[in-house]
Amino acid sequence: MNIVVLIKQVPGTDNVKMDPKTGTMIRTGKDNIINPLDENALEEALRLKRSLKNVTVTVVSMGPESAMKAIKEAIAMGADGGILLSGRAFAGSDTIATARVLSSAIRKLWPVDLILCGERATDGETGQTGAMVAAMLDIPVQTYVQKLEVGDGIITVERLVEGGFERVQVKIPALVTVVKGINQPGFPTLAGKLRAKEVQVPVWGPEDVGLVPDEIGLKGSPTRVVKIFSPKLSRDTIMYRHDNTGRAISELINFLGAREIIV
Amino acid sequence: MDVKEYRGVMVLGEQRNGTIHRVTFELLNRGRSLADKLGVELSCAILGDRVDDLGEVILRGADKVYHVCSQDLATFLPGPYTRALVQLIQEEKPEIIIAAATTTGRTVMPLVAARLGTGLTADCTYLDIDPEERILLQTRPAIGGNIMATIKTPFTRPQMATVRPRSTRPAPRDESRTGEITVKNYGDMLVSLTERFLEFMADPSQEVNIQDADIIVSGGKGLKNREGFKLVEELARVLGAGVGATRDAVELGWISYSHQIGLSGKTVSPKLYIAVGISGKVQHLAGMQTSETIVAINKDPDAQIFQVADFGIVGDAFEVVPELIDALKKLRTGA
Ligand SMILES: Cc1cc2nc3c(=O)[nH]c(=O)nc-3n(C[C@H](O)[C@H](O)[C@H](O)COP(=O)(O)OP(=O)(O)OC[C@H]3O[C@@H](n4cnc5c(N)ncnc54)[C@H](O)[C@@H]3O)c2cc1C
């Protein structure tokens, strides 16, 4: 069974800078991590590798060259190998262009039985790349998966939805996006770290996956950021400083009473 | 793609067990104002088997309802839903399509966007029309810090966006409205050979319904620890309110994820939202700024949460909240 895990390198802190001209992200490569939900996806692949025979796990990531670190880390955690999709021409891709690159790379790795990824990334938070990749590969997709079982040519999943969960069965090859509750990600092992040093991770550019400049990057992206701005939020605020007179509290109670919120 | 061929605004309504879901009316509210700005029709797509009360969708603002009717659409499966929606879009050619950011909307919209090769913007907090270009402006919180991004889809159609449930009020009912209901039958193409729905299991513990609460008391990192967070829970109890939290409070393990409010949590718009020890980062505000009344308690007078608040108290939560609880209790007993 061939499993591909899509991983994205994201900033470890919440402070990502935006390029004010293009509205796209500037990545510095400092304290970057594997997107936490992608670690869950990787762990699920590794769990299957431990419990089934003949499973290979390949991680695929699109990003700057510094994303090699994320791939090496995934190998140190137990993945067999990886592919880095990198090149200037990929920069500025929106989710459609990104999915185009990822699906082209997966096609090159075919036959693939299962593709796993996190439900969303902590930076962009769009949560749509996984499903787009499935659509482009024309294979079934299941999202928000908290439990996965592999059967004979099929998988059975539990999807976390509003007010409960659903059980759904799909034929493989399929793509599955996972939520946090599916497992507890493991850690790199010493043996894994040594192996990660040795494993050659190819770097593929646009030509390697058969894409032309018009299909990728900003050019291949149907969406455009028109502007970025700090939101104007303001309401007229009545402000009190809390002191020992109890005034702030009594004014608040009056205020809520006047608005008929408390009676 | 000739963008001029596409006309009209479409919203993707939702049904659960054949009953129109409330989020449909919220979408109609957003859709109506966009359609009016463009001077075009508003349509609503409903995918399902038997669906009751499609007339209600007209009274809430739709000019046209397309009910794609099939037993293969009774429960959500990505394949059939995607094929139905792609077919409907190709027939009706709406310039804009808006769905709810539910597990269904967030799954089917990217599939449709990829099939059609058009753009999609997730979790928009604000939608507007650029009057000159007649184009949809999609605004959502951007990455990190307090930044919003406005995004457009200039060259392809439809322009697609999702909006969070509860981020708008449902469209009001207007008994005088009229419209047209069309049933679409797409037959065998909706049958899925690769997917099978097995069952739905309700899990009440997973869905803490803070979205239905009239009052929400919400706590952030300013409460210092799990023990401190209990202060928020106690204030909520006294007010008969739901409990909310910031992502930081959830990640510190003070309360479960189902209470998280904001961009990656729930969107709420209660009558009263009390924010305690919350700084008011844009990702949090994205989930609560449409609340009717907002009260903030924070020791930092410059905290951004005060900008969205109607009433602010600058002070230490550990002093202010107990006093407030006392005052409310006294009020209750008439003392
Ligand atoms: C992609 C993305 C998605 C995100 N999604 C969400 C989301 O869904 N929800 C969310 O909430 N956040 C989200 N965040 C995180 C968000 O940016 C903030 O980091 C978070 O909201 C801050 O939480 P906080 O206000 O509890 O903590 P802080 O920002 O640390 O604020 C604590 C506040 O408490 C005050 N304080 C301290 N001590 C006291 C005291 N004794 N009494 C009174 N006040 C006190 C401080 O003055 C400060 O204002 C997201 C971030 C990203 C990048």
Just to be sure, is A:Thr126 at pLDDT below 95, among the polar types (S, T, N, Q), closer than 30 Å to B:Ile151 by Cβ and surrounded by fewer than 20 Cβ atoms within 10 Å (Cβ to Cβ)?
no
So, B:Gly179, is that one within 13 Å of the ligand (Cβ to nearest atom), at pLDDT 95 or above and more than 11 Å from chain A (Cβ to nearest Cβ) or not?
no
Mind listing whichever residues of the stretch B:175-188 are of a type outside the set (Val, Ile, Thr) and loosely packed, with under 12 Cβ neighbours inside 10 Å?
B:Glu175, B:Ser176, B:Asn185, B:Gly187, B:Asp188
Tell me, yes or no, whether the stretch A:149-167 has at least one residue that is within 19 Å of A:Leu6 (Cα to Cα), within 7 Å of chain B (Cβ to nearest Cβ) and touching a Leu at 6+ places or on another chain (Cβ under 7 Å).
no
Take A:Ala191 and decide whether it is touching a His at 6+ places or on another chain (Cβ under 8 Å) and either at pLDDT below 95 or more than 30 Å from B:Gly79 (Cα to Cα) (or both).
no
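Only one of these is within 20 Å of A:Met239 (Cα to Cα) and among the charged types (D, E, K, R): B:Asp300, B:Asp248, B:Asp326. Name it.
On the way: B:Asp248 fails: within 20 Å of A:Met239 (Cα to Cα); B:Asp326 fails: within 20 Å of A:Met239 (Cα to Cα).
On inspection, the qualifying residue turns out to be B:Asp300.
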Being part of a helix (DSSP H, G or I) and touching a strand residue (DSSP E or B) at 6+ places or on another chain (Cβ under 6 Å) is the filter; apply it to the stretch A:174-220 and report the residue that is farthest from A:Gly81 (Cα to Cα).
A:Gly181
In the stretch A:96-142, the residues that are among the hydrophobic types (A, V, I, L, M, F, W, C) and within 16 Å of the ligand (Cβ to nearest atom):
A:Ala121
Single unsatisfied condition, B:Phe311 versus (1) modelled with pLDDT under 95; (2) facing chain A (nearest Cβ under 9 Å)
(1)
At pLDDT 95 or above, under 27 Å from B:Lys152 (Cα atoms) and in a loop (DSSP other than H, G, I, E, B) - does that describe any residue in the stretch A:24-45?
no
Qualifying residues in the stretch B:212-233 (those that are in contact with a Phe, Trp or Tyr (Cβ under 6 Å, 6 or more places away or on another chain) and either open to solvent by less than 20 Å² (accessible area, probe 1.4 Å) or among the hydrophobic types (A, V, I, L, M, F, W, C) (or both)) - the one nearest to A:Thr122 (Cα to Cα):
B:Gly219
Residue hits (the stretch A:35-73; among the hydrophobic types (A, V, I, L, M, F, W, C), farther than 19 Å from A:Leu194 by Cα and without any contact (Cβ under 8 Å) to a residue 60 or more places away in the chain) are A:Val55, A:Val60, A:Met62
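Of the residues that make up the stretch B:202-216, is at least one within 16 Å of the ligand (Cβ to nearest atom) and assigned to a strand (DSSP E or B)? Show your work before the answer.
Taking the stretch B:202-216 as the starting set, the residues that turn out to be within 16 Å of the ligand (Cβ to nearest atom) are B:208, B:210-211, B:216.
Okay, now just the ones that are also assigned to a strand (DSSP E or B), so B:216.
Yes.
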Quick one: in the stretch A:211-263, which of the residues that are β-branched (Val, Ile, Thr) and open to solvent by 60 Å² or more (accessible area, probe 1.4 Å) is farthest from B:Ala122 (Cα to Cα)?
A:Thr245
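Any chance the stretch A:238-248 includes a residue that's free of Cβ contacts under 8 Å to residues at least 12 places away in the same chain, part of a helix (DSSP H, G or I) and within 30 Å of B:Ile325 (Cα to Cα)? Reasoning before the result, please.
First, the residues of the stretch A:238-248 that are free of Cβ contacts under 8 Å to residues at least 12 places away in the same chain: A:239, A:241-248.
Next, from what is left, pick out any that are part of a helix (DSSP H, G or I): A:247-248.
If we keep only those that are within 30 Å of B:Ile325 (Cα to Cα) as well, we get A:247-248.
Yes - at least one qualifying residue is present in the stretch A:238-248.
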B:Gly253 versus (1) more than 6 Å from the ligand (Cβ to nearest atom); (2) within 14 Å of another protein chain (Cβ to nearest Cβ); (3) open to solvent by less than 30 Å² (accessible area, probe 1.4 Å); (4) of a type in the set (Gly, Ala, Ser): which is the lone unmet condition?
(3)
In the stretch B:81-118, how many residues are more than 24 Å from the chain's Cα centre (by Cα) and crowded, with 24+ Cβ neighbours inside 10 Å?
0
Scanning for something within 16 Å of the ligand (Cβ to nearest atom), more than 11 Å from every other protein chain (Cβ to nearest Cβ) and within 17 Å of A:Tyr144 (Cβ to Cβ), does the stretch B:161-168 turn up at least one residue?
yes
May I ask you to say which residue of B:Leu136, B:Leu120 is at pLDDT 95 or above and more than 9 Å from chain A (Cβ to nearest Cβ)?
B:Leu136
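Can we say B:Ala236 is under 27 Å from the mean Cα position of the chain (by Cα), buried (at least 21 other Cβ atoms within 10 Å of the Cβ), within 8 Å of the ligand (Cβ to nearest atom) and small (Gly, Ala, Ser)?
On the way: under 27 Å from the mean Cα position of the chain (by Cα): yes; buried (at least 21 other Cβ atoms within 10 Å of the Cβ): yes; within 8 Å of the ligand (Cβ to nearest atom): no; small (Gly, Ala, Ser): yes.
No, not satisfied.
The values are calculated or read from the model by the stated rules, or taken from the named source; none is laboratory data. All figures in this text were calculated on a predicted structure; none of them were measured in a lab. Counting neighbours? That spans all protein chains shown, and the Cβs are built from the backbone with ideal geometry, glycine included. Side chains are part of the model used for accessible areas, which takes the heavy atoms of the whole protein and leaves out ligands, DNA and RNA. Shrake-Rupley method; radii C 1.70, N 1.55, O 1.52, S 1.80 Å.
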